[in-house]
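Encoded as C-alpha cells, the structure appears first; notes follow it.
The values are calculated or read from the model by the stated rules, or taken from the named source; none is laboratory data. These numbers were taken from a predicted model, which means no experiment stands behind them. Cβ placement follows ideal geometry from the backbone for every residue including glycine, while neighbour counts extend to all protein chains displayed.
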Amino acid sequence: MLYLSSLVFLALIFLAMVFYTGGTRDNPTVSGYSFWGNTLSDSGRFMAWSGVPNIVSMVIFSLSLIIYGIFYIPFYILVSESLTEGKLEKLSSKMGKNFGILFSICIIGIAFSPGDTLYILHIIFVFIGYPSALLNGVFFSIAFFKNKRFSNVYALIFAIFTVFYFISIALAFIGLLIDFNLTVLFQKLGSFAALAAFLIIGYGFWKFKKS
C-alpha cells in the first residue's frame, strides 16, 4: 500500500503540473507549469499566477496530498509499534510516529488551503509540516539504528536522506530571502528525497518484518 500510494501521489503531482494554467510569481505570462519557477503548491492554487482559473490542477493536487497524508499514517504507526526493544528505541519510534502523523495532518491541511485564497493557513501548515517531517526522520533514524535486528544499511540510507532533507529545506527557506528560484528548486529536491527515503526504508522495513 505504501508503494501504491506513493506512485499515485507522484502521478497526480505531475498530472497537476500538466493541467496548471500558467504563470509564476515573478512572471505571470509564463505558459503552463515551470519546473524552475513554480513551487509544488502553485498547482494547488485556485487561481494560477496567470490570473486564469486553475480548478482542475487544484483538485488533482489536493487529491494527491490527501492520498499521501492518509496512507502514510498507518506506516508510521506500524513502524512505531515494531521498534520497542529498548527505552531509547521505543521513545524515538514513538516520537517519530507522532511527528509523522503531524506531518501527514499538515499535508492534508495544505490540500484544503490553497496558497492564494487561504494563504495564512497554508503557510502555517507549511511551517509546521516541514520541520515535523525532519523530526520524523531524525527520531526514526535513531530507532532504526538502536534496533539490533534492523539492517544498518537501510538505517544509514534513511539517515543520509534525512540530512539531505534538512539541507534542502534550510536552503529553500533561505531562498525566500535571497533568490526565490532556490526555494523552488530545493523544495522539490527535499520533497522528492523524502519520498525516496520512505520508499527505501519501507522496503527495508518489509524485509525486517519478514525476518
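A compact table of results
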quantity	calculated
Lone unmet requirement of (1) surrounded by fewer than 16 Cβ atoms within 10 Å (Cβ to Cβ); (2) touching a helix residue (DSSP H, G or I) at 6+ places or on another chain (Cβ under 8 Å); (3) more than 22 Å from Ser191 (Cβ to Cβ) for Val56	(3)
Where a residue in the range 17-30 is without any contact (Cβ under 8 Å) to a residue 60 or more places away in the chain and its partner, wherever it lies, is surrounded by 19 or more Cβ atoms within 10 Å (Cβ to Cβ) and outside any loop (DSSP other than H, G, I, E, B), with Cβ under 7 Å and at least six apart	Met17/Ser43; Phe19/Ser57; Phe19/Ile60; Tyr20/Asp42; Tyr20/Ser43; Tyr20/Ser57; Thr21/Ser57
Enumeration of residues in the range 112-128 that are part of a loop (DSSP other than H, G, I, E, B) and crowded, with 16+ Cβ neighbours inside 10 Å	Ser113, Pro114, Gly115, Asp116, Leu118
So Ser141, is it over 19 Å from the mean Cα position of the chain (by Cα), among the hydroxyl-bearing types (Ser, Thr, Tyr) and over 28 Å from Trp49 (Cα atoms)	no
Output for the range 149-170, where each listed residue is closer than 20 Å to Gly86 by Cβ, of a type outside the set (Gly, Ala, Ser) and at pLDDT 85 or above	Leu156
Which numbered condition Tyr3 fails, given (1) out of contact with any Leu (no Cβ under 7 Å at 6 or more places or on another chain); (2) at pLDDT below 95	(1)
Residues located in the range 186-204, provided they are farther than 13 Å from Ile167 by Cα and either surrounded by 21 or more Cβ atoms within 10 Å (Cβ to Cβ) or in contact with a strand residue (DSSP E or B) (Cβ under 7 Å, 6 or more places away or on another chain) (or both)	Ala197, Phe198, Ile201
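Conditions tested, residue by residue: (1) out of contact with any His (no Cβ under 9 Å at 6 or more places or on another chain); (2) free of Cβ contacts under 8 Å to residues at least 12 places away in the same chain.
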position: Gly115; (1), (2): no, no
position: Ile123; (1), (2): yes, yes
position: Asn136; (1), (2): yes, no
position: Phe140; (1), (2): yes, no
position: Arg149; (1), (2): yes, no
position: Leu171; (1), (2): yes, no
position: Leu199; (1), (2): yes, no
position: Gly202; (1), (2): yes, no
position: Phe208; (1), (2): yes, no
